[in-house]
Amino acid sequence: MKKIIIISIILLLFLGHTPYYDLNELAVVDTIGISFNNNKYNLYLNIVNEDNKTYKITGDSLGEVFLKGESINNKRTYYKHLSVIIFDTNVLKDNKLFTFLKDEFTTIDYLTLSTNNLDNLFTKYHKSNDYKSFITKERDLEGTIVNITFKDLLSTSLDNNKSSSLPLIDINNDKLISKGSYIIDKNYILNKDLTKAYYLLNNKVSSYNEKIKIDDNYLEASLYDLKTTIKYNNNNNNNKLEIKVTGKVDSPDTLNLSKVKNKIKKKLLTDIKDIINLEIKDDIKITNISNTIYLKERDNLNNSYKNSKKEIIIDLKTERRNNYD
């Protein structure tokens with residue numbers, strides 16, 4: 001019997017579960033928020049085993065707030081179940097933040113989000129499941145959010161040909177909303193439409209819904225089976241960049257899908273052109289276009305991107321999806 005108990009405890013430890021007898025001594029955290037305002041750092045904690053009670057810790061440095069947060073109500077703070085971190089955009093300007101967090105936590109696969117309104121946001125939404133459910137729904141229905149882990153964020157920050165970005169969220173009428181993307185190193189907010197195009201170019205979304213206006217009526221359109229291919233050729237100094245988006249279009253609101261398709265194609269073309277112009281003009285590298293060119297033009301990336309002949313192909317087929325879940 002003793003052997004069975006010992007084996008069970010070892011399995012629980014290896015699987016990342018907290019043994020029951022330890023819970024009274026631990027403050028188990030699943031969601032944290034980090035902000036920097038008025039020259040002070042703020043650490044927000046959601047304690048799962050205290051009926052999701054939240055705490056706010058303030059200090060002069062990241063080290064100080066995490067040191068103060070090592071124990072909550074005489075319980076040791078336990079981060080093994082950390083699932084979500086929400087960053088206030090101000091704190092993302094701290095170039096030591098990512099290094100600090102990489103050293104602070106043993107795992108780096110938690111989800112990351114950004115906001116301009118952390119105090120109000122965390123007061124209303126502080127459970128990890130709230131954010132996970134929101135991300136899943138927003139990604140599948142709107143295409144304006146994708147899962148970005150801290151591991152993804154750290155990897156992008158080390159890539160000279162990529163600008164780091166995070167989904168930007170807020171609260172409106174007590175509901176979580178997407179506001180697009182926050183481009184960290186440029187301190188730039190990408191609106192929802194361009195964020196959708198950015199994710200599409202990187203094959204981060206394969207379906208979403210779009211509300212479009214045709215003949216003074218708003219129709220709901222469904223895009224699915226979406227895929228983007230990016231090719232770059234530099235033969236004989238004739239640089240050509242080809243971007244092709246394929247997919248299918250349906251709408252439950254009309255039998256005339258041709259108008260719907262044409263409207264969506266026009267919008268996609270405009271949004272992709274805007275993304276390209278933004279990347280070239282402001283040196284914001286968020287899509288896979290830069291990496292595609294870099295493979296062939298390592299020493300002349302920016303000029304090659306700017307001066308290449310660009311062909312954008314939007315190839316959408318009209319086809320009934322048979323469901324609108």
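The values are calculated or read from the model by the stated rules, or taken from the named source; none is laboratory data. Here the structure is a predicted model, which means the values were calculated and not measured. Neighbour counts are summed over all protein chains in view; Cβ atoms, including those assigned to glycine, are modelled from backbone coordinates with ideal geometry. Heavy atoms of the whole protein, side chains included, go into the accessibility calculation; ligands, DNA and RNA do not. Shrake-Rupley method; radii C 1.70, N 1.55, O 1.52, S 1.80 Å.
Brief remarks on what is shown
- Answer residue from the range 247-258, given it is loosely packed, with under 14 Cβ neighbours inside 10 Å and in contact (Cβ under 8 Å) with a residue 60 or more places away in the chain and is nearest to Thr229 (Cα to Cα) among those: Ser258
- Residue within the range 266-276 that is among the hydrophobic types (A, V, I, L, M, F, W, C), out of contact with any strand residue (DSSP E or B) (no Cβ under 6 Å at 6 or more places or on another chain), closer than 15 Å to Leu194 by Cα and surrounded by 14 or more Cβ atoms within 10 Å (Cβ to Cβ) present: yes
- Condition check for Val260: over 15 Å from Arg321 (Cα atoms) and among the aliphatic types (A, V, I, L, M): no
- For the range 277-294, filtered to residues that are of a type in the set (Val, Ile, Thr) and in a helix (DSSP H, G or I), the residue that is most open to solvent (accessible area, probe 1.4 Å) is Ile280.
- Subset of the range 85-120 [outside any loop (DSSP other than H, G, I, E, B), open to solvent by 70 Å² or more (accessible area, probe 1.4 Å) and over 18 Å from Ile57 (Cα atoms)]: Lys93, Thr99, Lys102, Asp103
- Count of the range 295-322 residues which are modelled with pLDDT under 90, part of a helix (DSSP H, G or I) and surrounded by 16 or more Cβ atoms within 10 Å (Cβ to Cβ): 1
- Under the condition of being surrounded by fewer than 18 Cβ atoms within 10 Å (Cβ to Cβ) and either part of a helix (DSSP H, G or I) or among the aromatic types (Phe, Trp, Tyr) (or both), the residues counted in the range 56-72 number 4.
- Cross-chain or 6+ apart pairs with Cβ under 8 Å, the range 265-287 first and on the phi > 0 side of the Ramachandran plot, then charged (D, E, K, R) and modelled with pLDDT under 95: Asp283/Lys186
- Sole exception among (1) farther than 25 Å from Ser155 by Cα; (2) surrounded by 19 or more Cβ atoms within 10 Å (Cβ to Cβ) for Lys75, by number: (2)
- Residue list for the range 229-246, restricted to those being assigned to a strand (DSSP E or B) and either of a type in the set (Asp, Glu) or open to solvent by 10 Å² or more (accessible area, probe 1.4 Å) (or both): Thr229, Ile230, Lys231, Asn233, Lys240, Glu242, Lys244, Thr246
- The set of residues in the range 7-46 that are at pLDDT below 95, open to solvent by less than 100 Å² (accessible area, probe 1.4 Å) and charged (D, E, K, R) contains only Asp22.
- Those residues of the range 105-142 which are among the small types (Gly, Ala, Ser) and under 28 Å from Glu220 (Cα atoms), in sequence order: Ser133
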